[in-house]
2 protein chains.
Amino acid sequence: MERFGEYIRKLRVEKGLNQTQLAAKIGLDSGGLSKIETGKKDLKEDKISLLAEVFEVSIEEIKTQYFSEKFAKDCFKYKCPETVFQLAEQKVKYIKNINTKQAQIKF
Amino acid sequence: MERFGEYIRKLRVEKGLNQTQLAAKIGLDSGGLSKIETGKKDLKEDKISLLAEVFEVSIEEIKTQYFSEKFAKDCFKYKCPETVFQLAEQKVKYIKNINTKQAQIKF
DNA sequence: ATATACTTGGTTATTTTTGACAAATTTAAA
DNA sequence: TTTAAATTTGTCAAAAATAACCAAGTATAT
């Protein structure tokens, strides 16, 4: 199992970049990137697409890593039952469903 | 499938409270509670235990409803793959595991 | 019509995140 | 070791996101 920061660091090193170089590409300084790689700070969502470009991986892949980390941290922090993820998945389906129906009604 | 706001409203009505009454018990005004019930605003985490008391349900139950809603909303909003929840669940286990090991080392 | 409950919008306050900078630490090389 | 490069860490101000507050609006029921 790999944390988000480790994942980013792995890709960065694979690309032969140091923190200062990658940081510049995504609008951060090296200190900020360091904190992200070591899990001391969270990346802002709007950096996700930049990372996908730089690393040449899909946005979906980055999002999966990014949000799974976010959800897991919250779940751990607030000691919430792990069954929460089952329900969350159902809810997303429900929301999407509702949403497409409403979109249809508009015409 | 039930959204968090609907869940709260259902419990509130079951207890025979109006919004003003429940809002007072958890440190909100009626407008704020209305927004929560209709999904226009999110409840702050620190209200969870108060709700559990008032409604006489377990904190785990409320947390499950609360965080599944939160995660699902984020997932929908950012269009992230639903597989994110699988990974999130694994990560929580991993984090917990790491954490207990580190706790042990301290002595 | 009046009263009660609920919704909504706008404004301010508060809290949380973020980004920038600088100092300190680590790592590697000469 | 000394030097240089890379990374980590702490602090602080700016920015963004949240929440509280209040008033006006709508709906519902008596």
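Residue pairs whose Cβ atoms lie under 6 Å apart, separated by 6 or more positions or on different chains, with the first residue in segment B:24-37 and within 11 Å of DNA strand C (Cβ to nearest atom) and the second open to solvent by 70 Å² or more (accessible area, probe 1.4 Å), are B:S30/B:T20; B:K35/B:K41; B:E37/B:R9. Does B:K101 satisfy the condition of being over 17 Å from A:S68 (Cα atoms), within 14 Å of chain A (Cβ to nearest Cβ), away from DNA strand D (no atom under 16 Å from the Cβ) and without any contact (Cβ under 8 Å) to a residue 12 or more places away in the chain? Answer is yes for this residue. The residue of segment A:26-50 that is most open to solvent (accessible area, probe 1.4 Å), among those that are more than 21 Å from A:K73 (Cα to Cα) and more than 7 Å from DNA strand D (Cβ to nearest atom), is A:D29. Out of the residues in segment B:59-86 that are over 19 Å from B:M1 (Cβ atoms) and more than 7 Å from chain A (Cβ to nearest Cβ), state the one that is most open to solvent (accessible area, probe 1.4 Å). Among residues in segment B:59-86 that are over 19 Å from B:M1 (Cβ atoms) and more than 7 Å from chain A (Cβ to nearest Cβ), the one most open to solvent (accessible area, probe 1.4 Å) is B:K79.
A quick yes/no check of all residues on (1) in contact with a helix residue (DSSP H, G or I) (Cβ under 9 Å, 6 or more places away or on another chain); (2) not in a loop (DSSP other than H, G, I, E, B):
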| site | (1), (2) |
| --- | --- |
| A:G16 | no, no |
| A:G31 | yes, yes |
| A:L51 | yes, yes |
| A:V54 | yes, yes |
| A:Q65 | yes, yes |
| A:F71 | yes, yes |
| A:F85 | yes, yes |
| A:N97 | no, yes |
| A:T100 | no, yes |
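Residues satisfying the criterion are present in segment A:88-97 (criterion: over 24 Å from A:G39 (Cβ atoms) and either more than 8 Å from chain B (Cβ to nearest Cβ) or of a type in the set (F, W, Y) (or both)). Just one residue in the set B:E53, B:E45 is among the charged types (D, E, K, R) and within 8 Å of another protein chain (Cβ to nearest Cβ); that residue is B:E45.
The values are calculated or read from the model by the stated rules, or taken from the named source; none is laboratory data. The structure presented is a predicted model; accordingly, all values stated were derived computationally and were not measured. For neighbour counting, all protein chains shown are included, and Cβ atoms are generated from backbone atoms with ideal geometry for every residue, glycine included. Areas reflect the complete protein model, heavy atoms only, side chains present, ligands, DNA and RNA absent. Shrake-Rupley method; radii C 1.70, N 1.55, O 1.52, S 1.80 Å.
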